[in-house]
Amino acid sequence: MDPEFWDDKQRAETILKNIKRHKHWLKGYQSVKSKVEDLQVLYEFQQEGEATEEEVNEQYNAALQALDDLEFHSTLDRPEDELDCILEINAGAGGTESCDWADMLYRMYQMWGEKSGFKVSVINGVPGDIAGIKSVELEIKGDYAYGLLKGETGVHRLVRISPYNAQGKRMTSFASVFVHPMIDDTIQIDVNPADLEWDTFRASGAGGQHVNKTESAVRVRHLPSGVVVECQKERSQHMNREHALKMLKSRLYELELEKQRAEKDMVESQKQKNEWGSQIRSYVLDDRRVKDHRTGHQTGNTDAVLNGDLDGFIKAWLMHQGRN
């Protein structure tokens with residue numbers, strides 16, 4: 001009600017985001033409280049013969065699920081967890097096989113994001129020489145996008161009968177995934193313009209006649225850290241520069257988070273080599289098995305996982321981290 005509330009737009013937006021976050025947790029608490037109270041009332045009715053045991057069991061399971069969900073979401077308690085994120089996928093050694101696997105992962109995360117109500121867009125990508133992709137960067141926008149996906153960082157291993165091998169041999173491919181938060185105005189990162197080196201180039205990939213006609217894509221290098229960011233998401237060079245600068249700040253923020261985690265001995269090798277022994281998850285298609293090596297969580301429904309059904313793995317990792 002303060003008439004001067006919107007005079008400082010950045011402060012106002014920060015306050016509104018805090019209010020939204022508090023409402024989110026209060027809503028979750030009230031939902032669990034209501035279900036537990038309904039269970040208590042229904043149990044009393046059942047004791048008096050006015051409700052069945054099946055009805056009580058059904059309400060009990062609903063209350064238990066609500067409590068479990070709230071406990072799961074309580075693991076997302078870091079300031080960066082509620083932010084949008086950038087998800088990078090890079091094919092490992094192995095040529096076409098690994099490029100195809102990177103493309104499968106890209107599709108998997110895109111489908112997970114869309115099913116979960118997030119907005120997913122491609123920021124930058126490099127196609128494979130024959131099939132698939134060498135690398136891609138996705139922007140995933142929505143509440144707690146980073147918090148939910150941060151556990152996907154690491155090497156993902158695929159084992160399958162290769163469609164690219166004439167002898168039909170069983171092949172192993174690797175691709176790395178890295179997730180970092182897309183910072184907003186609530187987090188301040190200062191970057192000296194003198195520390196930046198800019199390049200422009202023509203966009204590649206899908207894009208119709210616009211591609212290769214104008215140098216709208218941009219590349220920026222942060223000289224002190226060596227971090228390089230590319231963006232060809234927009235048709236306008238000016239908009240790509242703005243987006244690239246925001247991505248750079250996000251990368252620098254993630255580097256700082258890594259340093260803090262290292263100081264507390266909580267880093268589990270954020271960027272690992274794309275090779276044997278370093279994978280966080282294996283997707284074995286001919287045995288119909290996907291297993292996360294950190295939590296032990298696994299499923300036999302490989303098709304569902306590759307179609308974006310990742311919630312079981314995401315939840316298992318976050319609960320595992322919460323217990324540790």
Of ASN307, ASN90, ASN61, the one that fluctuates the most in a GNM where the chain has Cα springs shorter than 10 Å: ASN61
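In the range 281-314, which trypsin sites (Lys or Arg not before Pro) are in a loop and have at most 12 other Cβ atoms within 10 Å, using DSSP for the loop call? Walk me through the numbers before you get to the answer.
Numbers: sites: ARG281, ARG288, ARG289, LYS291, ARG294; in loops: ARG288, ARG294.
Those that pass, being in a loop and sparsely packed, are ARG288.
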For the range 283-290, 3J(HN,Hα) per residue [Karplus equation, 6.51 cos²θ - 1.76 cosθ + 1.60, θ = phi - 60°, Hz, x = Gly/Pro]: 10, 9, 6, 6, 8, 6, 8, 10
Helix 311-323 axis, angle to the chain major axis (alpha carbon atoms, nearest 10°): 80
Relative exposure of ARG202, ARG160, judged by other C-beta atoms within 10 Å (fewest first): ARG202, ARG160
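What does the extension gain come out to for ASP303 and ILE189, with contour length at 0.36 nm per residue minus their alpha carbon separation?
Details: separation 114, 0.36 × 114 = 41.04 nm, distance 4.11 nm.
So the chain would gain 36.9 nm between ASP303 and ILE189.
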Inter-label distance for ASP68 and GLU215, nm, one decimal - labels placed 7 Å from Cα along Cα-to-Cβ: 5.7
Fraction of the pair-distance distribution of the range 1-85 above 16 Å, Cα-Cα pairs, percent: 66
Relative contact order (percent, whole number), the chain, Cα cutoff 8 Å, 6+ residue spacing: 17
Tilt relative to the chain, helix 237-263 - C-alpha long axis, 0 to 90 degrees, to 10: 60
Convex hull of Cα atoms in the chain, direction-averaged projection (nm²): 23.2
Three semi-axes of the equivalent ellipsoid, the range 114-198, Cα gyration tensor, whole Å, largest first: 33, 18, 12
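Please identify the trypsin sites (Lys or Arg not before Pro) of the range 1-53 that satisfy two criteria: DSSP loop assignment and at most 10 other Cβ atoms within 10 Å. Which are they? Mind showing how you got there, number by number?
Working: sites: LYS9, ARG11, LYS17, LYS20, ARG21, LYS23, LYS27, LYS33, LYS35; in loops: none.
Here no loop site has a sparse enough neighbourhood.
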Range in the chain, longest, excluding exposed GluC sites (Glu not before Pro) [loop by DSSP; at most 14 other beta-carbon atoms within 10 Å]: 51-214
Nearest 10 degrees, 0 to 90: helix 96-115 Cα axis against the chain principal axis: 40
Part-to-part distance (alpha-carbon centres) for the range 154-176 and the range 72-86, which is given in Å: 33
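Values quoted throughout were computed directly from the atomic coordinates according to the rules given, and no laboratory measurement underlies them. Everything numeric in this text was worked out from a predicted model, so none of it was measured. Positions of Cβ are backbone-derived with ideal geometry, glycine not excepted, and every protein chain shown enters the neighbour counts.
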